[in-house]
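Read through the structure below, which is laid out as structure tokens, and then see the notes.
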Amino acid sequence: MSRYAIGIDLGGTKVEACLVDETRAVLARKRRPSEPGLGRERVVANILELIAETAGGSRYEAVGLGTPGTYSAADDIMYGAPHTPLYEKPGLVSLLRSRLGVPLVVENDANCLALAEFFAQCHGRFTTVMAVILGTGMGSGLILGNRLHRGPNGNAGEIGHTSIAIDGRLCECGRRGCGEAYLSGPSLGRRYAELAGEALSPDRILERYEAGDPHARRIFDESFRVMGELFANCVNALDLEAIVLGGGVSNIPLWYAHVPPVMNKALFGTPGRKVPILRAVLGDSAGVLGAAYLALREMGLMEF
Ligand SMILES: [Zn+2]
């Protein structure tokens, strides 16, 4: 007899659900608008309707929920949920929990992505991995010794807000030299605008790089060094065996050729070590899949 779990990926504008069985096979996947502007009751109703539609009559035993920002169970708030004020007010998750009737496990969406990518391409090969999401921001999830490491407050893995230059670029968080202030999509665009007076998307900057544009060359050459040094800091601190790169900005192929030499040169300890930077393989389904794994763990069907 099959056993079923539901994964939910709650975003600022949409919510996505998947139904998985005990073998981790995805049996259904659906999405709809999350509508946070219409209030807490509406968001919870959207999630419940989406779950019912996705389950299609299968009796699921647990639900995993991936949230933006860091969910604090003590305050019932998602801290740092970008541009979604409703999620930073208390009550949404507890309301959902009270309506569900099965256990609900909540985790930050970067940790969900890290879990899904770990099981997709690292499990059995590596035990200690960091999965980085590089898009409009920069975050990461850590798997240390085959275990998801969230930290006592769920704040572990905020690699985007570790600094590589104490007098470096000012970050939106108020610090200087944060990785996010150089490498996020908006930051790449801002850096190009400062040099060339024209704001471009990362893809367009890449096109200019390939066409030999000196400003684009300068920005990417500096970015390879920033990313290489930042990742080397993480490897040196945690003895990582691999780094997985996901999110919109991870589609730029240059990272995989130019960052490893910088990073590997900066590694301390065992001589000659080479840490692979792997491209995420699950695309935008990683978040919802990782959330489902949390539910499977709750049911005693997965370990991490
Ligand atoms: Zn920062």
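Residues whose amide H comes within less than 5 Å of that of L27, counting only those at least five positions distant or on another chain, are L19, V20, D21 (H built at 1.01 Å from N in the peptide plane). Counting 0.36 nm for each residue step from E53 to E172 and taking away their Cα separation leaves a gain of 38.9 nm. When nucleic acids and ligands are ignored and a 1.4 Å probe is applied, E158 ends up with an accessible area of around 80 Å².
Our note on the geometry: Cα centres of the stretch 1-35 and the stretch 113-140, 19 Å apart. For the stretch 166-197, backbone nitrogen atoms closer than 16 Å to the point 7 Å from R218 Cα along Cα-to-C-beta are found at 169, 188-197.
An ellipsoid equivalent to the chain, defined through the eigenvalues of its Cα gyration tensor, has semi-axes of 34, 22, 17 Å when rounded to whole angstrom and sorted largest first. In this structure, the amide hydrogen of Y4, modeled 1.01 Å from its nitrogen in the peptide plane, lies closer than 5 angstrom to those of E61, counting only residues at least 5 positions away or on a different chain. For K89, the lysines whose Cα comes closer than 25 Å to its Cα, not counting residues fewer than 8 places off in the same chain, are K14. Dividing the helix sum by the residues of the chain, where each DSSP H run of 4 or more adds -39500 (n - 2.57), gives a mean residue ellipticity at 222 nm of -11500 deg cm²/dmol.
Residue separation of A237 and D76 scaled by 0.36 nm, minus their Cα-Cα distance, works out to 54.8 nm of gained length.
Couplings for the stretch 182-199, taken from phi via the Karplus curve 6.51 cos²θ - 1.76 cosθ + 1.60 with θ = phi - 60°, read 10, 10, 5, x, x, 5, 4, x, 5, 5, 5, 4, 5, 7, 10, x, 9, 7 Hz in order; Gly and Pro are left as x.
If you wrap the stretch 130-251 in the convex hull of its Cα atoms and look at it from every side, the mean projected area works out to 7.8 nm². The H on the amide N of M302, modeled in the peptide plane, is under 5 Å from the matching H of R297, each at least 5 residues off or on a different chain. Each pair of Cα atoms in the stretch 233-277 enters the Kirkwood radius, and Stokes-Einstein at 4 °C and 1.567 mPa s then converts it into a translational diffusion coefficient of 115 µm²/s. Stokes-Einstein, applied to the Kirkwood radius of the stretch 1-106 over Cα pairs at a viscosity of 1.567 mPa s and 4 °C, places its translational diffusion at 93 µm² s⁻¹.
Accessible surface calculations at 1.4 Å, restricted to protein heavy atoms, place the chain at 45 Å² per residue.
For the stretch 188-304, the spread of Cα positions along the three principal axes, ordered from largest to smallest, is 55, 37, 19 Å.
Quick one: of the DSSP bridges fully inside the chain, what percent are antiparallel, nearest 5?
On the way: 28 of 47 bridges.
Looking only at bridges with both residues in the chain, the antiparallel portion is about 60 percent.
3J(HN,Hα) couplings calculated from phi for the stretch 222-233 with the Karplus curve 6.51 cos²θ - 1.76 cosθ + 1.60 (θ = phi - 60°) are, in sequence order, 5, 5, 4, 5, 4, 5, x, 5, 5, 5, 4, 4 Hz; Gly and Pro show x. Take the solvent-accessible surface of the protein heavy atoms, probe 1.4 Å, and return the percent of it on the chain that carbon and sulfur atoms account for. Answer for the chain is 51 percent, counting heavy atoms of protein chains only. Of all the Cα-Cα pairs you can form in the stretch 204-265, what percent are over 13 Å apart? In whole percent, the share of Cα-Cα pairs in the stretch 204-265 beyond 13 Å is 64. Taking a Cβ cut-off of under 12 Å around V132, the surrounding Lys, Arg, Asp and Glu residues balance to a net charge of -2, with basic ones at +1 and acidic ones at -1. A simple rule links phi to the HN-Hα coupling: the Karplus curve 6.51 cos²θ - 1.76 cosθ + 1.60 with θ = phi - 60°, which for the stretch 99-114 gives 8, 7, x, 9, x, 10, 10, 10, 8, 4, 5, 5, 5, 4, 4, 4 Hz, with x for Gly and Pro.
The values are calculated or read from the model by the stated rules, or taken from the named source; none is laboratory data. These numbers were taken from a predicted model, which means no experiment stands behind them. A quick note on method: Cβ atoms are made from the backbone with ideal geometry, for glycine too, and the neighbour counts reach across all protein chains shown. Just the protein is used for accessible areas: all its heavy atoms, side chains included, with ligands, DNA and RNA removed. Shrake-Rupley method; radii C 1.70, N 1.55, O 1.52, S 1.80 Å.
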